[in-house]
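Trainee: Just dropping this structure here.
The values are calculated or read from the model by the stated rules, or taken from the named source; none is laboratory data. Predicted model only: the values in this text are computed from it and were never measured. Positions of Cβ are generated from backbone atoms using ideal geometry, with glycine treated the same way; all protein chains shown enter the neighbour counts.
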Amino acid sequence: MKYTTRAVSPIVATVILVIITTAAALLLWSWISGVISPPTSSVTNMDRLRITGIKLEAINGAKLIVYVHNMGNAPAEVLQLSIFDVNGNLVDTTTNIVVCSSNDNVCNDMNRVVAPNSIARIEWSMGDVSNRGYMYGYIYFVSIVTASGFETRSSFVWSIQT
């Protein structure tokens, strides 16, 4: 029986093995260097508010109380509180807000900061809202913007009959 196929020469086989070994070594090196090296960027000192509850009171005008949790590691200075309808149209906005720690009954009018990893309440004395277009039973969204540019939103139902 005579074979008609030819074998690969030892030189070609050696070159193929060197190429495969080099490729495997490069893949292993890139994987290990990615695992061992530190991340290229890290987030430090970031505020991150999450709305945990919304309460609407109708004593001497309307008062909106928003409970927030700063899950970040930096103080969050609240700049603005806005209310939008379900279509995204701005209904009302203010910068005249007070931030109180969750266990204080008396709030400091100058405080606008939520401490890191703490729960606080944001109060907005809205006054007379009869001419602002709020509809009883409708859903609205409250938006809070911090000095760092972070924004968080949550929905609530308007429960004051005007």
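Trainee: Within the range 124-142, take every residue that is part of a strand (DSSP E or B) and more than 16 Å from HIS69 (Cβ to Cβ) and give me the one that is farthest from the chain's Cα centre (by Cα). Steps first, please.
Mentor: Going residue by residue through the range 124-142, those that are part of a strand (DSSP E or B) are 124-127, 139-142.
Next, only the ones that are more than 16 Å from HIS69 (Cβ to Cβ) stay: 124-127, 139-141.
Numbers: TRP124: 22, SER125: 26, MET126: 26, GLY127: 30, ILE139: 22, TYR140: 20, PHE141: 16 Å.
Ranking the qualifying residues of the range 124-142, first place goes to GLY127.
Trainee: Can you pull out the residues in the range 53-106 that are in a loop (DSSP other than H, G, I, E, B), touching a Phe, Trp or Tyr at 6+ places or on another chain (Cβ under 8 Å) and of a type in the set (Ser, Thr, Tyr)?
Mentor: SER102
Trainee: Taking the options LEU90, LEU49, LEU79, LEU56, name whichever one is at pLDDT 90 or above, of a type in the set (A, V, I, L, M) and surrounded by fewer than 14 Cβ atoms within 10 Å (Cβ to Cβ).
Mentor: Details: LEU49 fails: surrounded by fewer than 14 Cβ atoms within 10 Å (Cβ to Cβ); LEU79 fails: surrounded by fewer than 14 Cβ atoms within 10 Å (Cβ to Cβ); LEU56 fails: surrounded by fewer than 14 Cβ atoms within 10 Å (Cβ to Cβ).
One residue alone meets the criteria, LEU90.
Trainee: Moving to a separate point now. Would the range 100-111 turn up any residue that is at negative phi, surrounded by 16 or more Cβ atoms within 10 Å (Cβ to Cβ) and at pLDDT 90 or above?
Mentor: No.
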